[in-house]
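Novice: I have a structure here, written as C-alpha cells, and I will follow up with some questions on it.
Bear in mind that the values in this text are calculations on the coordinates, not laboratory data. The model shown is predicted, which means the values in this text are computed figures rather than measured ones. Because the Cβ atoms are built from the backbone with ideal geometry, glycine has one as well, and the counts that use them run over all protein chains shown.
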Amino acid sequence: MHARVRARKLVRERIGTFRVLFLIRLLQWPVRVVTSQIARRWPRDPNLIAFGTSGHRFADNAAYLFLHMSATTAFRCVWVSGSREVADGLKRCGVTATYRWSPAGLGVALRASWYVFSSGRGNINRWFSDGATAFNLWHGVGIKHVQRDVSPGAPVYPIYHAPEGSWTARVFADHLNPADWLLSTSPSMTPHLSRMLGIARDHCVELGYPRNDHLIRHERPPGPLVDDEIYEAIQSRGPVVGYFPTWRDDAMSIPGGDPVVSEMADIVGDQGGVLVYKSHHGSSSRVSSGESLVVLPATTDLNAYLGTCDVLVTDYSSVASDYLLLNRPIVLFAPDVDKYSGSRGFLFDPIEMQPGVLTRSKTELYALLSDVRGLPLPVNRDRLVDFYWGRSAEPGACERAAELIIRMKQQGQLGRSD
C-alpha cells in the first residue's frame, strides 16, 4: 500500500476528514484571499476552456466533453491535471494537457474563460478560479445524499452547515461557492441536484451525461480513455460480470473486504466468464488480476469499460443508473445498507429506487452469481430510466453541452467579471 493511501486511510478512519481539511484550509486561507483578488482582475480568454476532474484522473463527464469539444469546436480546450504522469500520458496520445502547477498550467487557470469539471473548481485550480464561469458536469445521479443534503453523520456535514461568518464558513468558502451552471439529466432530478449543490433551477441544464453517449450508441469509447489491451481481453471473454462498489465515507475498504472479489471471480470463472473489478478512486484495494479476474486501476474511467459487462454488481453507486441505459441484469450487494443510511444517507429509498436484484449477504450474492446467464433484467428499468434520465436518455449529450457553451460565447457570456 502506497504512503498516500495509508495517509488517506489514517485520516478517514482515525483522525477524521473534516478535522484535517479544516486545518489545511485554515493555513491556506490568507494566501487564498490574495489569489482570489489576482484571479478576479486577470483578463480571461473567451476562446480558452479548462477541463478537469477529481482524483488526478482523466475520466468522467469532463473527459468525454473535453475530447468532443477538442475535436469539433474552435475553442482551445486544455485538460488540467494534478498529476504530471496523467498530463504527460495525454500529451503522448496527442491530447492538449498540462500539469496544474507548471507555468503553463497556472497560465491556463488564470486565462480560461470557463472551468468545466466533474466535481468542483479544485478539479482544475481553485486558487485561480475566481472570474471564470464554472460549469459543473457532476458525476452521477442516484440514491445517495451529496453536499448540502448529507446526514449529520457524514464527515462533510459541518462544511455545508457552517453558520454564516464562522471560521468554518470562511475557510471552506470555495466548497460553499456553487457553480454557475450544473449539468442535470431529467425534470425529476433537477430539483434535487439544485438543492444539494446550491445552484438555481434555471441554471440546471437537462442535457444528459457525455460519459454515456457511447453506451447509448453501442460504440467503442474514445481511445484516450481505455487501455486497448485490457479492453480487448475483456471483450474476448464471456459472460463478463462487473463489480463496482461505491465510496464509503468512513472506510477505505469494501463490505466483506478484498476476499469477496476473489470469491466472486472464482464463481464467474467456473462458468467460463470473467469478473471485472474496479474500486472507487477514493478507496483502496490489494486485489490483483488473475485467470478469471481483471482489476482495473482505481483511476480508470469506469464508463469506458461499462459496455463490456453483461452483468453489473454494485451497491449504492450511481453506476447502476448509467447501466440502466444498457438494459442488462443488475445485482445489488448491500450488506451495510443500515450503516450507510446513518452516515451519508439516502436521497431516495435504496431498495425501490435502485435497479436490480437485492442481496444482503455473501451467501445470497454467491447464489445468484452461480447462474450468471439466468439473471433477470430489472423489473423497474423503464420507470427508473424515465426518472433519472428522461429525454436525456437519447444520445448527443456531448453535442448538447458543447452547443450551450458555444451559445454563451455568442452572447458574450464567457468569463465572469465579478
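Novice: Please name which of PRO355, THR53, GLN411 has its Cα lying farthest along the dipole of the chain towards the positive end, using unit charges on Cβ (Lys, Arg +1; Asp, Glu -1) and the Cα centre as origin.
Specialist: GLN411
Novice: Highest mean first, how do 75-86, 214-225, 46-57 rank when packing is the count of other Cβ atoms within 10 Å averaged over residues?
Specialist: Ranked from most to least packed, the peptides come out as 46-57, 75-86, 214-225.
Novice: Quick one: which residues, 5+ away or cross-chain, put their amide H under 5 Å from the amide H of GLY290? H built at 1.01 Å from N.
Specialist: When sequence neighbours closer than 5 places are left aside, the close amide H contacts are VAL295.
Novice: With +1 on each Lys and Arg Cβ and -1 on each Asp and Glu Cβ, how big is the dipole of the chain about its Cα centre, in debye rounded to the nearest 20?
Specialist: Rounded to the nearest 20 debye, it is 1720 debye.
Novice: By how many nm would the segment from ASN327 to ILE406 lengthen if fully extended, with 0.36 nm per residue of separation less the alpha-carbon distance?
Specialist: 25.1 nm
Novice: Which whole-Hz ³J(HN,Hα) couplings does the range 237-247 yield from phi under the Karplus relation 6.51 cos²θ - 1.76 cosθ + 1.60, θ = phi - 60°, glycine and proline marked x?
Specialist: 10, x, x, 10, 10, x, 10, 9, x, 8, 6
Novice: Taking θ = phi - 60°, what integer Hz values does the Karplus form 6.51 cos²θ - 1.76 cosθ + 1.60 yield along the range 53-63, in sequence order, with x for Gly and Pro?
Specialist: Using θ = phi - 60°, the values come out as 8, 7, x, 6, 9, 10, 6, 6, 4, 4, 5 Hz.
Novice: Ordered by residue, what ³J(HN,Hα) values in Hz, to whole numbers, does the range 375-388 give under the Karplus form 6.51 cos²θ - 1.76 cosθ + 1.60, where θ = phi - 60° and Gly and Pro are x?
Specialist: 3J(HN,Hα) across the range 375-388, in whole Hz: 5, x, 6, x, 6, 9, 4, 4, 5, 6, 4, 5, 5, 7.
Novice: Can you find, among GLY223, THR308, TRP389, the residue sitting farthest towards the positive end of the charge dipole of the range 219-393, where Lys and Arg contribute +1 and Asp and Glu -1 at Cβ?
Specialist: Comparing the listed Cα positions along the dipole, TRP389 ranks first.
Novice: Between the range 172-192 and the range 21-55, what is the separation of their alpha carbon centroids in Å?
Specialist: First find each Cα centre; the distance between them is then 19 Å.
Novice: Continuing with this model, one more query. Magnitude of the Cβ-charge dipole of the range 219-393, K/R +1 and D/E -1, about the Cα centre, nearest 20 debye?
Specialist: The calculated dipole for the range 219-393 is roughly 280 debye.
Novice: Which whole number in µm²/s is D for the chain by Stokes-Einstein, with the Kirkwood Rh taken over Cα pairs at 20 °C and 1.002 mPa s?
Specialist: D, rounded to a whole number, is 97 µm²/s.
Novice: Once the Cα gyration tensor of the range 13-106 is found, what semi-axes does its equivalent ellipsoid get, as square roots of 5 times the eigenvalues, in whole Å, sorted largest first?
Specialist: After scaling each eigenvalue by five and taking roots: 28, 19, 12 Å.
Novice: Moving on. Would you kindly compute the Cα radius of gyration of the range 349-403 and its largest Cα-Cα separation (Dmax), both in Å?
Specialist: 16.0, 49
Novice: I've got another one for you. Please list the non-local residues whose amide H lies under 5 Å from the amide H of ALA134, H modeled 1.01 Å from N, same-chain partners needing a gap of 5 or more.
Specialist: Close amide H contacts, sequence-distant or interchain: TYR115, ASP180, TRP181.
Novice: Okay, next question. List every residue whose amide H lies under 5 Å from the amide H of LEU207, counting only residues 5 or more places away in sequence or on a different chain, with H placed 1.01 Å from N in the peptide plane.
Specialist: SER184
Novice: Here is a further query. Mind checking the log10 I(q)/I(0) for the range 183-282 at q = 0.10, 0.14 Å⁻¹? Debye, one equal scatterer per Cα, no solvent, two decimals.
Specialist: Each listed q maps to, in turn, -0.47, -0.84.
Novice: With every atom except the alpha carbons ignored, what do you get for Rg and Dmax of the range 219-393, in angstroms?
Specialist: 15.3, 42
Novice: In whole angstrom, how far apart do the alpha carbon centroids of the range 100-136 and the range 265-290 sit?
Specialist: One Cα centre to the other: 35 Å.
Novice: Dividing the convex hull volume of the Cα atoms of the range 301-418 by its residue count, what figure in Å³ per residue is obtained?
Specialist: Considering the Cα atoms of the range 301-418, their hull volume per residue is 156 Å³.
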